[in-house]
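What follows is a single structure, written as structure tokens, with notes after it.
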Amino acid sequence: MITPDQLKNVQERRDALKRYLDVDTKKIQVEEEELRTHVPDFWEHPKEAQAQMKKIKDLQQWIKGYEDVEKAVDELTLAWDFVKEGVMEEEEIDEIYSGALSKIEDLELKNMLRREEDKMDVVLKINSGAGGTESQDWAQMLMRMYLRWAEKNGYKASIANILEGDEAGIKSCTINIEGDFAYGYLKSENGVHRLVRVSPYNAQGKRMTSFASVFVTPLVDDTIEVKIEPALMSWDTFRSGGAGGQNVNKVESGVRLRYQFTDPYTGEKEEILIENTETRDQPKNKENALRHLRSILYEKEMQHRLEEQAKVEAGKMKIEWGSQIRSYVFDDRRVKDHRTNYQTSDVGGVMDGDLEGFIKAYLMEFAEKEA
């Protein structure tokens, strides 16, 4: 049975969310923005029209999120009166309380994601570390973990490119994850992930340590202006590997984009290499590769603009001891994030994509600093 203080707490958090989100102002904004869509030539400029519709959708999502919270808290308040009158069981109000609290926490977390890029889709790349088959198997396990997280949370995930391991697992892969605030939630995964387990690939059954790195960048869309110099681009084509029949074996549908980038702030030069084998359509793969390039260039500019060069350098740590953000110790049934000290014994749940505890702990500690 919940206490009066618990009821008061959720009511106060509901009221605070209304103030923070400025819900009444957002409702007025929606009406004003919708009026702009009624002009006769609105759809004659598709790019601007899509940006306008997205702006309206974003505002409506905040309003709906708050209205869901308001409805849940009102239901809880009514249930409290019913319990006092003896027409509802205590177990029922506890269940209603849990539901209301979950909605409040979800909206509070989303409210922490205030940076421009937080609401964007994600490009997530996984690279296996040194260690051969064991590390490559670990990289594949991480790929499955993120695909399962996307599925559980209603995000669309697609593998843009994958390089299979020599014996098992993968050497690297690139995943596109699309959905509201995908980057805001998954930016917590950026870094080195360490696995400790008794390896099935070790004949002596020894406990082994493996590493894999995860790099997360926002996947920008056409509404974000990014300058690309055509003269600095070059293309290669190749045959996509893996199963897929004659088309995969004979047609060079895979594309490799090389971009000679010079950092305008430091003068440093680097070659950005992007491979895409997402479809059997070469023009489509080229389009996807260009989108990834735009995302990378946007990320670089964003890092400079927000003066986060120190974080960028931290992200370049070697995939080895001392650099991990999180450890997965299978034998001890423990997964621990070393930045927040959040840990859980539900190793199986984590590997099945239950990352909410880690994401929440990261945002609670770092979101305000980033904003």
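Observations on the structure shown:
- With all protein chains in place and a 1.4 Å probe, the accessible surface of region 28-78 carries 55 percent carbon and sulfur.
- Carbon + sulfur, % of accessible area of region 108-169 - ligands and nucleic acids excluded, 1.4 Å: 45 percent
- Note on region 134-225: Cα-only Rg and Dmax are 15.2, 55 Å.
- Residues whose amide H lies under 5 Å from that of Lys171, counting only those 5 or more places away or on a different chain, are Leu163, Glu164, Gly165; hydrogens are built 1.01 Å from N in the peptide plane.
- Overall form of region 1-149 per C-alpha gyration tensor (a/c, 1.5; a/b vs b/c): oblate
- Fraction of alpha-carbon pairs over 30 Å apart in the chain - percent: 50 percent
- Both the radius of gyration and Dmax for region 1-69 are 17.2, 58 Å, in that order, over alpha-carbon atoms.
- Across region 264-272, computed HN-Hα scalar couplings (Karplus, 6.51 cos²θ - 1.76 cosθ + 1.60, θ = phi - 60°) run x, 9, 10, x, 5, 10, 7, 9, 8 Hz from first to last residue, x flagging Gly and Pro.
- If you take the Cα centroid of region 79-105 and the Cα centroid of region 1-38, the two points sit 21 Å apart.
- Longest segment of the chain lacking chymotrypsin sites (Phe, Trp or Tyr not before Pro) that sit in a DSSP loop with at most 16 other Cβ atoms within 10 Å: 1-200
- Amide H within-cut-off set for Tyr342, under 5 Å, with H built and near neighbours excluded: Asp337
- Accessible area expressed per residue, the chain, with surrounding protein chains retained (probe 1.4 Å, Å²): 54 Å²
The values are calculated or read from the model by the stated rules, or taken from the named source; none is laboratory data. Please read these numbers as outputs of a predicted model, since none were measured by experiment. All Cβ positions, even for glycine, are placed from backbone atoms using ideal geometry, and neighbour counts span all protein chains on display. Side chains are part of the model used for accessible areas, which takes the heavy atoms of the whole protein and leaves out ligands, DNA and RNA. Shrake-Rupley method; radii C 1.70, N 1.55, O 1.52, S 1.80 Å.
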